[in-house]
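The structure appears below as structure tokens.
The values are calculated or read from the model by the stated rules, or taken from the named source; none is laboratory data. Just so you know, these numbers come straight off a predicted model, no measurement behind them. Using ideal geometry, Cβ is built from the backbone for each residue, glycine included, and neighbour counts are taken over all protein chains shown. Quick note on the areas: whole protein, heavy atoms, side chains included, nothing else; ligands and nucleic acids left out. Shrake-Rupley method; radii C 1.70, N 1.55, O 1.52, S 1.80 Å.
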Amino acid sequence: MRSRLTRVLFGLLLVSLVVAGLLQAEPVKTIDPEQLATLIKHLGHNEFPERERANEELIELGEAALDPLRAAARGSADPEVRLRATRIIRAILWKARTSKSTGLELVPLTPREYRMGSPKNESGRRLDEPEHAVLLTRPYLIGVTEVTQEQYKKVMDRSPSWFAKSGGGKARVENLDTSAFPVESVSWYDAIAFCNALSKRDGFEPYYTMTDEKRDGDSISHATVRIAGGHGYRLPTEAEWEYACRAGWYRSYNYGGLNTGAQANLKPSASAGGYGGAHSWKALGRTTKVGSYPASSWNLFDVHGNVGEWCWDWYDSNYYANSPRKDPLGPDKGTVRVVRGGSWMVAEESCRSASRLSVAPGERKDYIGFRIARTP
């Protein structure tokens with residue numbers, strides 16, 4: 001009787017583990033390359049039902065079909081195949097926009113060439129941001145918002161933020177629910193660890209390897225990080241971040257050059273008259289709930305202000321002078337990492353689309369968080 005009960009309990013446990021796995025990750029699809037090539041070819045079939053059938057089957061195959069579809073979208077001699085392949089890529093990216101385990105939402109972006117940096121006549125411009133052409137070649141996903149305290153705790157099982165009920169700045173957020181505030185007081189390495197942990201939860205191969213970790217309490221203060229090449233979550237490159245921030249606009253902010261305090265959580269300029277207008281608001285002096293201010297035209301929130309956002313790149317003030325035009329990844333080495341977007345504690349000039357900041361990767365600040373990205 002006891003052995004039978006043991007078998008039943010073991011069976012129930014096994015079923016629960018399988019179900020939990022299915023909830024977090026879809027099974028990897030096995031695709032016959034010849035079948036895939038045939039489906040892509042049929043996107044240009046002379047019979048409309050055949051084109052539609054191929055279209056639906058390729059969308060169902062999902063991310064595993066992306067690379068051949070990209071090749072077809074770029075190089076097929078059939079304009080119908082190019083058009084349909086492009087649309088299918090967008091549909092697959094759209095399906096991949098939500099983390100299965102946390103509900104964290106991302107926006108799919110189609111890359112193109114853009115002007116990175118600032119023109120010489122931009123107010124508040126600094127010497128490390130000369131305007132130059134950058135070409136992004138692969139579609140990618142980027143977080144709609146900065147990673148929140150609730151999302152970080154769900155994945156990492158800890159709450160490091162200063163502006164939280166248990167944080168050092170709890171007096172500033174008394175009686176406020178900070179679960180949807182951006183996580184901050186995390187090192188660059190902590191952000192990398194989050195990306196890898198979320199990748200595993202969602203069934204993706206981690207994008208990074210991280211070894212030789214050294215800790216300061218619960219935080220990672222130093223580690224050796226390398227790109228492994230998986231399709232999991234990652235930090236955006238500096239070029240990807242600025243492209244997303246600008247949302248197609250070549251202005252100081254993606255909403256223009258005038259801030260009234262209603263556009264972003266940042267401080268007014270200390271200069272007379274403010275940056276683009278008179279002082280018309282009092283700085284909040286802390287972080288606030290993500291999405292409290294209007295989204296950009298690409299549906300991204302808080303790319304200006306709230307918290308600065310860790311990027312992948314090492315920082316070099318002269319990097320733009322010699323950076324590659326195509327998909328720049330930043331310098332090969334350095335001592336500080338790029339932080340973008342300004343924050344709640346700096347003035348408008350430091351929150352411009354082109355403004356660059358830098359912080360040592362092991363440091364934790366109550367004005368720095370991060371936003372995730374992924375290349376399916």
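Of all residues in segment 204-218, those that are closer than 23 Å to Lys365 by Cβ have Cβ atoms under 7 Å from Cβ atoms of residues that are open to solvent by 100 Å² or more (accessible area, probe 1.4 Å), 6 or more apart or on another chain, in Tyr208/Arg226. So the check is Cβ under 6 Å with 6+ separation or different chains; which pairs have a first residue in segment 160-189 that's closer than 12 Å to Val147 by Cβ and open to solvent by less than 40 Å² (accessible area, probe 1.4 Å) and a second one that's in a loop (DSSP other than H, G, I, E, B) and among the hydroxyl-bearing types (Ser, Thr, Tyr)? What qualifies is Pro160/Ser185; Ser161/Ser185; Phe181/Thr287; Pro182/Thr287; Val183/Ser161; Glu184/Ser161. Of the residues Val303, Val336, the single one that is closer than 23 Å to Asn259 by Cα and either open to solvent by 10 Å² or more (accessible area, probe 1.4 Å) or aliphatic (A, V, I, L, M) (or both) is Val303. Pairing each residue of segment 92-110 that is free of Cβ contacts under 8 Å to residues at least 40 places away in the same chain with any residue that is open to solvent by 80 Å² or more (accessible area, probe 1.4 Å) and assigned to a helix (DSSP H, G or I), provided the two are 6+ apart or on different chains, yields C-beta distances under 8 Å for Pro108/Arg90; Pro108/Trp94; Thr110/Arg90. Given the condition in contact with a Phe, Trp or Tyr (Cβ under 9 Å, 6 or more places away or on another chain) and farther than 19 Å from Tyr253 by Cα, answer yes or no: does some residue in segment 115-134 qualify? Checked against the condition, which is being in contact with a Phe, Trp or Tyr (Cβ under 9 Å, 6 or more places away or on another chain) and farther than 19 Å from Tyr253 by Cα, segment 115-134 yields no hits at all. Checking the stated criteria, Asp212 turns out not to satisfy the condition of being open to solvent by 40 Å² or more (accessible area, probe 1.4 Å) and in a loop (DSSP other than H, G, I, E, B). Does Ala77 qualify as being in contact with a helix residue (DSSP H, G or I) (Cβ under 8 Å, 6 or more places away or on another chain) and modelled with pLDDT of 75 or more? When the stated conditions are applied, Ala77 does not pass them.
Taking segment 24-113 as the region of interest, the helices (runs of 4 or more DSSP H) fully inside it that hold 2 or more residues being open to solvent by 30 Å² or more (accessible area, probe 1.4 Å), within 30 Å of Arg325 (Cα to Cα) and of a type outside the set (A, V, I, L, M) are 66-75, 79-95. A count restricted to segment 141-159 and to residues that are open to solvent by less than 50 Å² (accessible area, probe 1.4 Å) and free of Cβ contacts under 8 Å to residues at least 40 places away in the same chain stands at 1.
If you check Arg158, Arg226, Arg138 for being closer than 30 Å to Met116 by Cβ, in contact with a helix residue (DSSP H, G or I) (Cβ under 9 Å, 6 or more places away or on another chain) and either in a loop (DSSP other than H, G, I, E, B) or of a type in the set (Lys, Arg) (or both), only one passes: Arg138.
In this entry, Gly217 is excluded by the filter for residues that are more than 20 Å from Gly308 (Cα to Cα), in contact with a Phe, Trp or Tyr (Cβ under 6 Å, 6 or more places away or on another chain) and modelled with pLDDT of 95 or more.
Looking across segment 299-330, the residues that are out of contact with any Pro (no Cβ under 9 Å at 6 or more places or on another chain) and under 20 Å from Ser252 (Cα atoms) come down to Asn299, Leu300, Val303, His304, Gly305, Gly308, Ser317.
For Asn259, the conditions (1) at pLDDT 95 or above; (2) buried (at least 24 other Cβ atoms within 10 Å of the Cβ); (3) over 23 Å from Val183 (Cα atoms) all hold with the exception of (1). The requirement of being under 20 Å from the mean Cα position of the chain (by Cα), of a type in the set (Val, Ile, Thr) and not in a strand (DSSP E or B) is fulfilled nowhere in segment 357-365; no residue meets it. Of everything in segment 345-356 that is assigned to a loop (DSSP other than H, G, I, E, B) and not small (Gly, Ala, Ser), the residue that is most open to solvent (accessible area, probe 1.4 Å) is Met345. With respect to Trp249, is the statement that it is open to solvent by 20 Å² or more (accessible area, probe 1.4 Å), among the aromatic types (Phe, Trp, Tyr) and closer than 29 Å to Tyr320 by Cβ true? So Trp249 passes the test.
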